[in-house]
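No value in this document is a laboratory result; all are computed from the given coordinates. The shown structure was predicted, so the numbers you read here are calculated from the model rather than taken from an experiment. Here the Cβ positions follow ideal geometry from the backbone for every residue, glycine too, while neighbour counts run over all protein chains shown.
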């Protein structure tokens, strides 16, 4: 196995640009295994895009179409095995406002899954960087910002999905309690109006409707499998008013609770 260390790194050059490339390229690993170890990381940012195969970063696999990012000064260890026939782009970059920019748009260290093919964009960045003239470097900066935008968009989508999944889990645990829009929005760290919009966009129905459906689904389960009375079931799924529960149940299922229960006798 070939082992690369800090000694092979391109010398870091500070930049006054928003984003400036230090080094970049495209590599194919097919003949022998390779490992890179940087105990103290690099002084710039490192970005890797796996075009094919697999790269193992700190024990986490990045496969085709995935991006891995190391911020400055973070220890790095990644392995490419010849059997995986890995092909990937790498970028090392810096910038006067890069830390503030990445923080504001939610780009963090680690793995990002992007739905869009990035090979063309990364190839263009490498081509412009190799030209080295002022206009090409300006275009390179523009393309880098475009790349960061795409990664941030993918990261944001992932974060929202994770946050909404946490909401679903919280609803399952609390369907017998009063619906609390403020609490569920706070789990996603967004306003109630924004939460309502994102939830409906993701699942096709408003969050409160989803919550009520959970109650009715559990009421159906209790009606089917227990000898509990309608009043007891109403209370178990969060309704203190049996009449109100029965009205909602019939609106959702087409049956009154008693008629529904009789079907399973």
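Things worth noting here:
- Overall form of the stretch 208-252 per C-alpha gyration tensor (a/c, 1.5; a/b vs b/c): oblate
- Label-to-label distance, nm, for residues given as residue 12 and residue 82 (7 Å Cα→Cβ offset): 3.4 nm
- Extended-chain gain in nm, criterion 0.36 nm per residue less alpha-carbon gap, residue 217 and residue 117: 31.9 nm
- With the simple spin-label model, which puts each label point 7 Å out from Cα in the Cβ direction, the residue 96 to residue 32 separation comes to 4.5 nm.
- Taking the Kirkwood radius as Rh and the Cα radius of gyration as Rg, the stretch 2-157 has a ratio of Rg/Rh equal to 0.93.
- Fully extended contour minus Cα-Cα distance, from residue 3 to residue 174, at 0.36 nm per residue: 56.3 nm
- Förster-model FRET efficiency, 30 Å R0, residue 250 and residue 193, C-beta, rounded to 0.05: 0.45
- Note on residue 145 and residue 61: the model spin-label points, each 7 Å out from Cα along the C-beta direction, lie 3.8 nm apart.
- Contour excess over end-to-end distance, with Cα ends at residue 202 and residue 43 and 0.36 nm allotted per residue: 53.3 nm
- According to the calculation over all Cα-Cα pairs in the chain, the P(r) per 5 Å bin from zero is 1, 5, 10, 12, 12, 10, 8, 7, 6, 6, 6, 5, 5, 3, 1, 0, 0 %.
- Debye equation applied to the C-alpha atoms of the stretch 68-143, log10 I(q)/I(0) at 0.12, 0.14, 0.16, 0.18 Å⁻¹: -0.45, -0.62, -0.81, -1.01
- The angle separating the long axis of helix 192-203 from the principal Cα axis of greatest extent in the chain is about 90 degrees.
- With the Kirkwood sum run over all distinct C-alpha pairs, the stretch 176-265 has a hydrodynamic radius of 14.1 Å.
- Helix 207-225 and the longest principal axis of the Cα set of the chain meet at an angle near 50°.
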